Amino acid sequence: MIIYGRRSFCMKSFQLADIGIANDIPDFVKFEVRQTYVHIYWIPLFPIGKIWCVRKTDDKLYEVNAEILPALQSLPHPKVSWVAFIGLILIGVLFLAFVVAGRL
């Protein structure tokens, strides 16, 4: 049985003060920019996009309101994380190891 799918991980998180909102909002913890990726056996193969989410006190992720999204996208954040390419990197390293081992 092959286990495959789509997941995401947090690349960077922001507090309200980072985007210029000074008041305190109940049940709000932070904004997160998340890298979505395709995985096989939970090993990331390649990225498929980025999403902005809100993490609240119940530790669940919620979609960001379209009115706030332009303010969040102007914040400095990583474009693509190398972690999303771990599977392809491992395949390349294993291929090189087999090539080198075959020549010895």
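Here is a list of conditions, (1) free of Cβ contacts under 8 Å to residues at least 12 places away in the same chain; (2) part of a strand (DSSP E or B), and Arg34 meets all of them except one; can you say which number that is?
(1)
Looking only at the range 69-93, count how many residues are of a type in the set (Gly, Ala, Ser) and surrounded by fewer than 11 Cβ atoms within 10 Å (Cβ to Cβ).
Count: 1.
Would you say Ala66 is open to solvent by 50 Å² or more (accessible area, probe 1.4 Å), farther than 30 Å from Gly20 by Cα and among the small types (Gly, Ala, Ser)?
No; evaluated as a whole, the condition is false for this residue.
Find all pairs meeting these conditions: Cβ atoms under 7 angstrom apart; at least six residues apart or on different chains; first residue within the range 4-28 and among the basic types (Lys, Arg); second residue surrounded by 14 or more Cβ atoms within 10 Å (Cβ to Cβ).
The qualifying pairs are Arg6/Thr36; Arg6/Val38; Arg7/Tyr37; Arg7/His39; Lys12/Val33; Lys12/His77.
Under the condition of being of a type outside the set (A, V, I, L, M, F, W, C) and assigned to a strand (DSSP E or B), which residue from the range 1-21 is farthest from Tyr62 (Cα to Cα)?
Per the criteria, the residue is Tyr4.
The values are calculated or read from the model by the stated rules, or taken from the named source; none is laboratory data. In this text, all values refer to a predicted model and were calculated from it rather than measured experimentally. Because the Cβ atoms are built from the backbone with ideal geometry, glycine has one as well, and the counts that use them run over all protein chains shown. Keep in mind that these areas ignore ligands, DNA and RNA; they rest on the heavy atoms of the full protein, side chains included. Shrake-Rupley method; radii C 1.70, N 1.55, O 1.52, S 1.80 Å.
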